[in-house]
Structure formats: C-alpha cells, structure tokens
Amino acid sequence: MTNVTRLSLAEEVGFEPTVPVDTAVFETARFGRSRTPPLRSLPLWSPTNFGRGAVSYDFCVMGDDERFMREALVEASRAKAHDDVPIGCVIVADGVVVGSGENRREFDHDPTAHAEIVALREAARQRGHWRLDDVTVYVTLEPCAMCAGALLNARVARLVIGALDEKAGAVGSRYNLLSDPRLLHEVSLTYDVLADESATLLREFFVERRGE
Ligand code: ZN
C-alpha cells in the first residue's frame, strides 16, 4: 500500500489527518475495528426493554449459574453496607468458591478496588498462582475496561454477567475486550443471569443517595 492509497482511505472514512498520514490511518483503522457493535449480539440494558427479547443473543445458563450469581448479589449488598456502589463478584472452580469480593472503592480509597479485582486477588492468593484458566467468574454488573483487562490477564475460562453497563461496560456494551481475537485470550461469556435483581440493587442505591 502506497502513501497515496493510505491517504485516500483516510479521507473516505472522514478522518482528517492532523498527524503524519501513516499514523492517522493506523489510528482510524484501529478505532474502527475495536468498536464492537454491541447491538448485533447484545441487548442494551434499560429498565423498560431489558430481558424482553428486544435483540436475540445466546442465552445459555449452566447448572449453578443462578446459585452463584445469588452469592455475587450478597457480595454486592456488602458494598452497599459501606456506601459503595453495590457490585459483587464470586469466582468458582469445580463448584467451589475460591474468591469473592465486593466493590470497595470508597471504603478502601482505592480506584482499583472493584469487585472483580478484589475477588481475583483472593482467588489467585488462595491458589498460589496468577493463572486462573479453570474458573468461572460471576459478576453482578458488566465489567469495566480495567476489570475486563484483569480477567483477560488471569486467563479466566468463563464469565457470567448480571446486568449490562451501557455506559462503561467493556464486555459488549462499549467494547468487548473478552472476545477480541487480537488480544491474548478469549473468554466464554454468558449474559443476563439475575440481571433484574442486580439492576434493582443498583437503582435503589442511587435513588437512596439522591434522597439524602
Ligand atoms: Zn471494574
């Protein structure tokens, strides 16, 4: 590909290069591919359309998914008790919980203390190894980019999600870091397990806060 071709490609996609052309095209192409269009495979959560089959997608709940998601919801309630946004996470290997955690960002004054990170640290500590490629992670809200990155780095086998996070979700809503063939690992994904319970917990938390 010559420089001229590259420039015309950049113009076609409406990109106005303010940096050297090669870099400009690279940025455009990279951005274009990294934006996973969630509407093709996932419904976006909203109080009115969620769970009503607005968009078709794979729905595959395995045996104990609801049971472990209930445990993640208990973790989420713990977060609420110390005034953190109620999000919880449970990590399971061979039917046994090996790590769990709730969002502790406010409580610990720690921007990385999301439920998934807290639970991953506990599981890795318990197992004595960072690689968790035989676990299923249950989280009440779709992970953010940081947590999706951590799940990727832990090489987790499977992720089960409660409600979707339309604004910051990085497993289908804004991005999908866990099914991107350019990255080092892909995770088996299940959505919409006790999503209403998870969303209700969040909604109540924010309503109560506004009322204070
Ligand atoms: Zn997070």
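Rule-based calculations on the coordinates, nothing more; no lab input. Since this is a predicted model, take the numbers as computed values, not measurements. Here the Cβ positions follow ideal geometry from the backbone for every residue, glycine too, while neighbour counts run over all protein chains shown.
Per residue Cα convex hull volume for region 138-212, in cubic angstrom?
Given the Cα convex hull of region 138-212, per-residue volume reads 83 Å³.
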FRET efficiency, Arg155 to Asp64 (Cβ-Cβ, R0 25 Å, nearest 0.05): 0.70
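Between Rg and the Kirkwood Rh of region 98-197, both from Cα atoms, what is the Rg to Rh ratio? Could the numbers behind the result be given before it?
Numbers: Rg = 12.7 Å, Rh = 13.5 Å.
Taking Rg over the Kirkwood Rh, I get 0.94.
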Gain upon complete extension [Arg125, Ala81; 0.36 nm per residue less C-alpha separation]: 13.3 nm
Per-residue Cβ neighbour rank within 10 angstrom, fewest leading, Asp108, Asp165: Asp108, Asp165
5 angstrom amide H check on Gly88, placed H, neighbours 5+ away: Ala76, Thr140, Leu141
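Ranked by Cβ crowding within 10 angstrom, fewest neighbours first, how are Tyr191, Tyr138 ordered? Write out the running numbers ahead of the final one.
Details: Tyr191 23, Tyr138 33.
Going from sparsest to densest Cβ surroundings: Tyr191, Tyr138.
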Kirkwood hydrodynamic radius of region 171-211, Cα pairs, Å: 12.6
